[in-house]
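Below is one structure, written out as structure tokens, with a few remarks after it.
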């Protein structure tokens, strides 16, 4: 069914004579999804909670801010809730560190580790990094406003049939599709 | 005895933190395996040539939703002790829209950005830096928007309550919609996608 | 080849979903346990509610170190062998986990009606009674709530204090904060 067109994300320059092995094929998305679903289920069963990601960023930011200045933003619920003396003992924080480790291991074993910038064919590296930063800051704000992100609300809330989570997912996808034509040059 | 076996690890119980690490590693592993550590692949979702995001996400949701339903049905999982995200209609809709725009511009979500960064992708690192700034900005501005942020709370509202159907039927509808979506996704990819990648 | 496998996966998912629709509720016959918050329990103890038994399910050394006044130490194993009169009220607490819930289920199965779990376990007592932080009263309702909390806290030798800013005023909120946000 599929034409064997190789990924663009391959091949960093290698020294002459040493051929780099081809990166492994991606796992079928349905199987990857089932894998993630089972991981999510395991989290429910073992510790009564689901996956998440944006919360760890909140913990990092709030803890860092209060570590630099203990009296920063007094009475501000965000800092009060998320600032910890030992953020590395926060469940979500540790989980997100795990995500990085898991991603690292998988990429390494699949020959997909490479110091590079993923970008569309018509955008410069600098622009891509700028867009990544911009997109990230907008997303960070949006995730906080919605009290979660695609992992915490989309996956966890979605599996638990939480109404607000589904509202979030639908709005996020709708907004992405609506804005896509404006950023065509960045990706296609 | 019904699960969950132990609580959220409020104060960093070493056992629950070990679970956190393992769960995270498995999550990151599967994300990378599915190709979600690649911003171009993720952005492809919005240009209809690569619907991997949809397929992975909804396969995961369906798997977990069915698992939760059946484990609960057999009395092995106590639903009332699972922490469910609270619903705030307006902020979550608005936050969703903002998030979606950022997702399109950046090409990665918070979880996948860690995978990307860990695979050496500099755009992933840039995105993480951006997110920290965005989160900080939110924290600083929170006193100004607290009214909106806390508006329209609906507690732990679930779809079965909204639709006034049983949980089982709601799960069924979810799965039905997902399966239909998968079928549509395959056809859309065939039409708009150029050159598929080799997959196992 | 891939298509066949996808079809099989879809078939499995679809069957489980259809069965789910037929199964309906998704909750097995679970036992309903009553819950009491820390401030209400404090009132019960202060007002010497008749037939009240407060049970601490933790280990002895921890119990000796601190326990809710008038509580008795009974372990999970011993609970099965303890008998209560049907008119008595039993409040169970531990320090997290599902220990209290399991003890509650055991007692309910033996026919005891008034079984309550202390919402938030010992943490709630510490947070709500021994060391409550109350927000500045901006309304008569809040003033009343603060007064009640302050009174109860002082009765048990606690140290109430007042903060400006949004702080939890119920055990649920305190525990949520304690538990960290989940997303």
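Please tell me if residue A:96 is facing chain B (nearest Cβ under 8 Å), touching a strand residue (DSSP E or B) at 6+ places or on another chain (Cβ under 6 Å) and in a helix (DSSP H, G or I). Lay out the reasoning, then the answer.
Working: facing chain B (nearest Cβ under 8 Å): yes; touching a strand residue (DSSP E or B) at 6+ places or on another chain (Cβ under 6 Å): no; in a helix (DSSP H, G or I): yes.
Criteria not met by residue A:96.
Being under 17 Å from residue B:33 (Cβ atoms) and at pLDDT below 90 narrows it down to one of A:12, A:23, so name that one. Can you show your working first?
Values: A:12 fails: under 17 Å from residue B:33 (Cβ atoms).
Going through A:12, A:23 in turn, just one is under 17 Å from residue B:33 (Cβ atoms) and at pLDDT below 90: A:23.
So which helices (runs of 4 or more DSSP H) stay within the range B:109-200 end to end and still have 1 or more residues that are surrounded by fewer than 16 Cβ atoms within 10 Å (Cβ to Cβ)?
Numbers: elements: B:110-118, B:122-149, B:159-163, B:167-192.
Those helices (runs of 4 or more DSSP H) span B:122-149, B:159-163, B:167-192.
Residue under question is residue C:130, and the condition is that it be modelled with pLDDT under 85 and either closer than 21 Å to residue C:47 by Cα or over 21 Å from the mean Cα position of the chain (by Cα) (or both); does it hold? Spell out how you get there, then give the answer.
On the way: modelled with pLDDT under 85: yes; either closer than 21 Å to residue C:47 by Cα or over 21 Å from the mean Cα position of the chain (by Cα) (or both): yes.
Yes.
In this structure, does residue C:93 turn out to be farther than 20 Å from residue C:51 by Cα and either in contact with a strand residue (DSSP E or B) (Cβ under 8 Å, 6 or more places away or on another chain) or surrounded by 15 or more Cβ atoms within 10 Å (Cβ to Cβ) (or both)? Write out each step before concluding.
Working: farther than 20 Å from residue C:51 by Cα: no; either in contact with a strand residue (DSSP E or B) (Cβ under 8 Å, 6 or more places away or on another chain) or surrounded by 15 or more Cβ atoms within 10 Å (Cβ to Cβ) (or both): yes.
So residue C:93 fails the test.
Could you grab me the full set of residues in the range B:47-56 that are under 17 Å from the mean Cα position of the chain (by Cα) and assigned to a helix (DSSP H, G or I)?
First, pick out the residues of the range B:47-56 that are under 17 Å from the mean Cα position of the chain (by Cα): B:51-56.
Within the range B:47-56, B:52, B:53, B:54, B:55, B:56 meet the criteria.
Restricting to the range C:75-113, and then to whatever is within 18 Å of the chain's Cα centre (by Cα) and without any contact (Cβ under 8 Å) to a residue 24 or more places away in the chain, can you tell me which residue is farthest from residue B:82 (Cα to Cα)?
Filtering the range C:75-113 for residues that are within 18 Å of the chain's Cα centre (by Cα) and without any contact (Cβ under 8 Å) to a residue 24 or more places away in the chain, the one farthest from residue B:82 (Cα to Cα) comes out as C:75.
Go through the range A:99-118 residue by residue and tally those that are farther than 13 Å from residue B:117 by Cα and assigned to a helix (DSSP H, G or I). First the steps, then the outcome.
Quick first cut of the range A:99-118, residues farther than 13 Å from residue B:117 by Cα only: A:109-111.
Filter again for assigned to a helix (DSSP H, G or I), leaving A:109.
So the answer is 1.
Results for (1) within 7 Å of another protein chain (Cβ to nearest Cβ); (2) under 27 Å from residue A:131 (Cβ atoms), shown as yes or no for each residue.
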position	(1), (2)
B:41	no, yes
B:62	yes, no
B:66	yes, no
B:101	yes, yes
B:118	yes, yes
B:128	yes, yes
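Checking residue A:83 against (1) more than 7 Å from chain B (Cβ to nearest Cβ); (2) crowded, with 19+ Cβ neighbours inside 10 Å; (3) under 18 Å from the mean Cα position of the chain (by Cα), which test does it fail?
Result: residue A:83 passes all but (3).
Suppose we keep only residues that are assigned to a loop (DSSP other than H, G, I, E, B) and modelled with pLDDT under 90 within the range A:41-71. Which one would you say is farthest from residue B:140 (Cα to Cα)? First the steps, then the outcome.
First, pick out the residues of the range A:41-71 that are assigned to a loop (DSSP other than H, G, I, E, B): A:48-53, A:69-71.
Filter again for modelled with pLDDT under 90, leaving A:48-49, A:69-71.
On the way: A:48: 31, A:49: 28, A:69: 14, A:70: 15, A:71: 13 Å.
So, considering only residues that are assigned to a loop (DSSP other than H, G, I, E, B) and modelled with pLDDT under 90, the one farthest from residue B:140 (Cα to Cα) is A:48.
Kindly establish whether residue A:141 is modelled with pLDDT of 95 or more, facing chain B (nearest Cβ under 7 Å), farther than 18 Å from residue B:116 by Cβ and not in a loop (DSSP other than H, G, I, E, B).
Details: modelled with pLDDT of 95 or more: yes; facing chain B (nearest Cβ under 7 Å): yes; farther than 18 Å from residue B:116 by Cβ: yes; not in a loop (DSSP other than H, G, I, E, B): yes.
Judged against the criteria, residue A:141 is a match.
If a residue has to be crowded, with 18+ Cβ neighbours inside 10 Å and in contact with a strand residue (DSSP E or B) (Cβ under 7 Å, 6 or more places away or on another chain) to count, how many in the range A:106-116 make the cut?
Of the residues in that region, 0 qualify.
Per-residue answers, yes or no, for (1) in a helix (DSSP H, G or I); (2) crowded, with 23+ Cβ neighbours inside 10 Å; (3) without any contact (Cβ under 8 Å) to a residue 24 or more places away in the chain:
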| position | (1), (2), (3) |
| --- | --- |
| A:122 | no, no, no |
| A:129 | yes, no, yes |
| A:136 | yes, yes, yes |
| A:148 | no, yes, no |
| A:156 | yes, yes, no |
| A:166 | yes, no, yes |
| A:170 | yes, no, yes |
| A:174 | yes, no, yes |
| A:177 | yes, no, yes |
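Take the conditions over 17 Å from the mean Cα position of the chain (by Cα), at pLDDT 90 or above and surrounded by fewer than 19 Cβ atoms within 10 Å (Cβ to Cβ) and apply them to residue C:72. Does it pass?
On the way: over 17 Å from the mean Cα position of the chain (by Cα): yes; at pLDDT 90 or above: yes; surrounded by fewer than 19 Cβ atoms within 10 Å (Cβ to Cβ): yes.
Judged against the criteria, residue C:72 is a match.
Could you grab me the full set of residues in the range B:79-93 that are under 16 Å from residue B:64 (Cβ atoms) and more than 7 Å from chain A (Cβ to nearest Cβ)?
Taking the range B:79-93 first, the residues under 16 Å from residue B:64 (Cβ atoms) are B:79, B:82-85.
Listed by number, the list holds a single entry, B:79.
The values are calculated or read from the model by the stated rules, or taken from the named source; none is laboratory data. For clarity, every value in this text was computed on a predicted model and none was experimentally measured. We place every Cβ from the backbone using ideal geometry, glycine too, and count neighbours over all the protein chains shown.
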